[in-house]
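Asker: Structure below; questions to follow.
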Amino acid sequence: MSSSSTSGCGKEDCGCVSRRTVMKGVGATLGAAAFARAIAPLTEWVDTLSVDEFLQRHYKELSLVDLKVVLRRLEKETKEQYGADVTISDTKPQEGVKFGYALNLSVCNGCRKCAEACHLENNHDRPSNQSYIRVFEMQKGSMDMEQGNAHYDKPVPQPDKFYMPVQCQQCEHPPCVDVCPVEATWKEPDGIVVVDYNWCIGCRYCEAACPYHARRFNWTKPVIPKEEINPNQGYLSNRIRPQGTMEKCTFCLHRTRNGRLPACLEACPTGARVFGNLLDPQSEIRWVLEHKRVFILKEDLGLKPQFFYFFDS
Amino acid sequence: MSAAPEASPSPSRPAFWRNFGRFLGNAALESLDGGKLFYIWMFCLTAIFLVGANAWAVQVRDGMALSNMSDHVSWGLYIANFTFLVGLAAGGVMMVIPAYLYHDEEMHDIVIIGELLAIAAIIMSLMFVICDLGRPDRFWHLLPPFGRLHFPVSMLSWDVIVLNGYLFINAYICAYLLYMRYLGQTPDPRWYVPFVFLSIVWAISIHTVTAFLYCGLGGRPFWNTALLAPRFLASAFVSGPAFIVLAIQVIRQAVGRHFGDGPIRTLVNIMRITILVNLLMVVSEVFTEFYTGGAHTSAARYLYFGLHGHDELVWWIWSSITLVAVAAVLMLLPSVFTKHWILNTACILAFIGIWIEKGMGLIIPGFVPSTLHEIVEYRPSAIEWKITAGIWALGLIIYTLFIKIAAGIVLNRTKLHAIPDEPPASESSPAPLPTL
């Protein structure tokens, strides 16, 4: 840390430039050039972003006109980046509807058709074979998930096993929503927890907070062949997610809010899945809740999931 | 840097502010001037920083898939370092408390070494958060009024506030004291003492809030313990003083002046207590986990002994415990005050031990096994190590320059007006100066 306050020829204030000053200038220039070179990949990344995307407001702050502009822009970007013609809509929740899901563990045979249907319906990344549903092969006579196995590779069902699919439980008190620092995720009036993929900053705090391992992060830009892209898309559900953002199961709201059933239910060959409006006393799901032995996962956490498991008695 | 008992008459405001730009310029120039060793040190750090900057740019472009994090272990080396550095920043306050609360005059003279460390550590911890974001371009979403800060519900929003607040408070205190010294005036206690006391409370808050980030998650039993915040503080009050003791010794060598034996003694006495408290808390947690048993213990079992054949972290945690335990023994030796190598070894071991404990020993086992009890292991990728090294290098660059600026001003090399005779570093009141 020894330094000299004299400069140049040794006399103070003589006005000449010292060798030391010149070397500093050279060093600073080289350093700046090296820094520019080091962060050059950032410029390639910025080229893939648009100013409109950068400046886009939160979903809840968009007027109907703004939203329309955003939806058309996203369709255009999908065309540019993936070559597919898609329609991105934004169906709002219906009055007097609260969605619930129930799953019959007595008949689920672990075929994982639900997970596969989810993968296709929701435009998941193909190489990682992503899905919002994980199916656990469990030991009969135990609910200990530590004994469960999500990576089974043999014919199903095995005689001593039962099968438990797990996906987002759409909690009444979702911890993922509480922890998000930018309100990029919230619970809709029909009980579905959604993510604004264009507002999420990718901190993954919600993923850490979720007790059901229901959230997925886009560790890289999703890869999907043009012809496999599902063109029926929703802004808050199955549109192709941007790199670096969080996503999750939305009970296929682009389908269910239009009166259809979730893709996982339609794909289930055993009829293990029941979906419907919890507020409608005549609905099938209400019948299940009233007549079956029903339980929820991790009840002790007090999150009040709207996803129920039951056994045939 | 040093607080004089009496305040000098306040300068008129325009004169006070007129020279601030020149102060910054002088400080910057002075900080970049040094001997051969200084340039070699800065060159090496810059080279490491550039490697890290490049790795970060590639990670942002190609996605976080380049890290070894996964949907199961969604936070890794970055958040581990972030947590440790928040502690290091909070640990800086362990110089402020003796100086201002207990009027330790000798500590007063060099307390800025700790305050500058707090600034550098907070800058580093914020950089680690940025590097952990999938979309750093959307950082503005956190900034009201443009963004939507989820305050007060999200603990992360609290963390944003307390960390930036702590950065601001310490930057203000340091800038004020150094600028007054630069002007040759006595600092007015009314303009900094309230902020010093605020910074003491705030230092506790930054590490408490950071602990609450984790222990507020009911779905992760390994973190969901009330002991987390106190344990954070206890370990921070080891790692902070350990770094400061080492820094004081390096600065003594560089400046060529002997100072700070008293403060080092105080810091060692602090560490003697905090390191034992930290070890006691480790024992308490281990007892609760293993004597109780049950499914909630699986993360601790994985951490300490391995689970179902997976044992990535076992080596880490036992080396951490060993390092801290050996450091504790060394610090309790009476010769720690007389033999420098014992002191230095103890500080280095404690620092590394706590760095491991806050990373591999705390953040990662929170994710293994996952909330659905799957075991997915994590080992940082080369990109993650490069970025981490880059941020540490930048932090050391910042800290070195800060210390150089402070030393230049305190030793009266950087000054507004010439002072006839250079007073010693420990002189608490500067030489009389011409009026501005």
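The values are calculated or read from the model by the stated rules, or taken from the named source; none is laboratory data. What you are looking at is a predicted structure, and each value in this text was computed from that prediction instead of being measured. A quick note on method: Cβ atoms are made from the backbone with ideal geometry, for glycine too, and the neighbour counts reach across all protein chains shown. Keep in mind that these areas ignore ligands, DNA and RNA; they rest on the heavy atoms of the full protein, side chains included. Shrake-Rupley method; radii C 1.70, N 1.55, O 1.52, S 1.80 Å.
Asker: Which of the residues spanning the range B:356-406 are within 15 Å of the chain's Cα centre (by Cα), among the polar types (S, T, N, Q) and open to solvent by 10 Å² or more (accessible area, probe 1.4 Å)?
Answerer: Matches in the range B:356-406: B:T400 only.
Asker: Same structure again: Among all residue pairs at least 6 apart or on different chains, which show Cβ distances below 9 Å where the first residue, located in the range B:232-255, is closer than 10 Å to B:F351 by Cβ and of a type in the set (D, E, K, R) and the second is modelled with pLDDT of 95 or more and assigned to a helix (DSSP H, G or I)?
Answerer: Note: no pairs meet the criteria.
Asker: For the condition at pLDDT 95 or above and either within 30 Å of B:G218 (Cα to Cα) or in contact with a Leu (Cβ under 9 Å, 6 or more places away or on another chain) (or both), what is the one hit in B:L394, B:L416?
Answerer: After applying the criteria, what remains is B:L394.
Asker: Just a yes or no: is a residue in the range B:398-405 at pLDDT below 95 and on the phi > 0 side of the Ramachandran plot?
Answerer: no
Asker: For B:S199, indicate whether it is over 30 Å from B:A328 (Cβ atoms), open to solvent by less than 30 Å² (accessible area, probe 1.4 Å) and assigned to a helix (DSSP H, G or I).
Answerer: In short, no.
Asker: Then there's this: Tell me which residues, restricted to the range B:197-222, are in contact with a Pro (Cβ under 9 Å, 6 or more places away or on another chain) and under 16 Å from B:I363 (Cβ atoms).
Answerer: B:A211, B:G216, B:L217, B:G219, B:R220, B:F222
Asker: Here's another thing I want to ask about it. Restricting to the range B:238-260, name every residue that is in a loop (DSSP other than H, G, I, E, B) and either open to solvent by 20 Å² or more (accessible area, probe 1.4 Å) or β-branched (V, I, T) (or both).
Answerer: Within the range B:238-260, B:G256, B:R257, B:H258, B:F259 qualify.
Asker: Moving to a separate point now. Among the residues of the range A:179-216, what is the count of those that are open to solvent by 10 Å² or more (accessible area, probe 1.4 Å), more than 10 Å from chain B (Cβ to nearest Cβ) and of a type in the set (D, E, K, R)?
Answerer: Total meeting the criteria: 2.
Asker: Within the range A:87-115, can you find the residues that are more than 17 Å from A:P157 (Cβ to Cβ), surrounded by fewer than 21 Cβ atoms within 10 Å (Cβ to Cβ) and not basic (K, R)?
Answerer: A:T87, A:S89, A:D90, A:T91, A:P93, A:Q94, A:E95, A:G96, A:V97
Asker: Return a yes/no flag: does the range B:332-351 have any residue that is within 18 Å of B:Y78 (Cβ to Cβ) and either open to solvent by 30 Å² or more (accessible area, probe 1.4 Å) or over 21 Å from the mean Cα position of the chain (by Cα) (or both).
Answerer: no
Asker: Next up: Take the residues in the range B:288-313 that are crowded, with 16+ Cβ neighbours inside 10 Å, free of Cβ contacts under 8 Å to residues at least 40 places away in the same chain and farther than 11 Å from B:P369 by Cα, then tell me which one is farthest from the chain's Cα centre (by Cα).
Answerer: B:E289
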